[in-house]
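Take a look at the structure set out below.
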Amino acid sequence: MKKHKFSLGDRLLMTIQAFTEAGTFFKGFGHHFLRLKTNLLGVIPHAGILPQAVLLFDAFLAFLSFFIAIYIQIGNEFLDYSPSYILKNMVVFVFTSLSVFIWMQTHRALWRYFSLEDSIPLILSVILSTLLYFPLMILLAQQESLPRSIPFMNALVYIIMLCIPRFIYRTMYDNQTLQKKRLLEEQNVPVILAGSGDATELFIREVMHSAALSYQPVAILSPDVKEKGRRIHTIPILNLTQNWESFILELRDLPKRPIQIIVTETDLPIEFLKIVSTISQRCSLPMMQMIPQFSVVARQNIEFAENTSTTIAENRI
């Protein structure tokens, strides 16, 4: 039986057809995945996952990561070890990790706000668990012994397995918030931010991840000349010069025409504020000042408020 020889053109057509079919498959798979994600987010309560469930999940990951670390380190040779010895080491590491996690309270962190700062206690917990398990592994070694590098490989695998589900949950939660934000995009007020410090970055981040704030930053005015033309979270920094015609052209190039100017910093130079005030007057943009998020109330004011409320209550009686 002769084999049919395909020409180069036939092979290219077959390749394109295969990629088209694969794309259709993955597109349908992505659609079903989005539906599943929406259903899961509807089932998960807003308060987050219970700490006890997180602790059990981390314990399961400890059990699984130890098995993966053994397989990565020695491959199929793990079959030469007795199942009771492998299981004994897994159980010891799981209980060691649980003790450390309960002591450091890592399971009480909310997953929807998980960040790099929250991953540091997890990494320290895994390192401490590994250091506590290492002498126990040596004590368990009698007729059989595992390679000394397995605990350190396990620590690396365990850290990855702990952080990935938390970042995935955080991403899913942020995407849900962004979808709500996009639905209200027409009601958002386009604004220009004056300042390029930490307060400006926090304001942009809060606006991007909060559906309650009806603002949409479209540009940033910075007092630092070196920052002109750069971006903060995709928001461009305009070229603030005395050439008003070029500045107005830059305003016209923005996706939306700004309606207000919000001063986000409290320690801006006076010369810069004068220029911003001139822009506000010439471009008919109301100028607003963002107040600090927190304020300290004196003890005397608290006592005065308590005495006032007590007097009002007595007069009502």
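Side notes on the structure shown:
- Test for Leu221: is it modelled with pLDDT under 70 and within 15 Å of Leu193 (Cβ to Cβ): no
- Residue within region 93-104 that is crowded, with 17+ Cβ neighbours inside 10 Å and over 24 Å from Leu56 (Cβ atoms) present: no
- Scanning region 157-173 for any residue that is over 20 Å from the mean Cα position of the chain (by Cα) and either surrounded by fewer than 16 Cβ atoms within 10 Å (Cβ to Cβ) or not in a helix (DSSP H, G or I) (or both) turns up nothing.
- Condition check for Pro147 on (1) part of a helix (DSSP H, G or I); (2) in contact (Cβ under 8 Å) with a residue 12 or more places away in the chain; (3) not hydrophobic (A, V, I, L, M, F, W, C): one failure, at (1).
For every residue, the table says whether it meets (1) in the same structural domain as Met161 (by TED's automatic domain parsing); (2) of a type outside the set (D, E, K, R); (3) free of Cβ contacts under 8 Å to residues at least 40 places away in the same chain.
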| site | (1), (2), (3) |
| --- | --- |
| Asn76 | yes, yes, yes |
| Asp80 | yes, no, yes |
| Ile86 | yes, yes, yes |
| Thr96 | yes, yes, no |
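- Residue within region 237-246 that is among the aromatic types (Phe, Trp, Tyr) and modelled with pLDDT of 80 or more present: no
- Residue in region 186-196 that is in a helix (DSSP H, G or I), surrounded by fewer than 14 Cβ atoms within 10 Å (Cβ to Cβ), modelled with pLDDT under 80 and not charged (D, E, K, R) present: yes
- Residue match in region 107-120 (condition: more than 19 Å from Arg170 (Cα to Cα), exposed (fewer than 14 other Cβ atoms within 10 Å of the Cβ) and in the same structural domain as Gln176 (by TED's automatic domain parsing)): no
The values are calculated or read from the model by the stated rules, or taken from the named source; none is laboratory data. These numbers come from a predicted model, not from an experiment. So basically every Cβ, Gly included, is an ideal-geometry build from the backbone, and we count neighbours across all protein chains shown.
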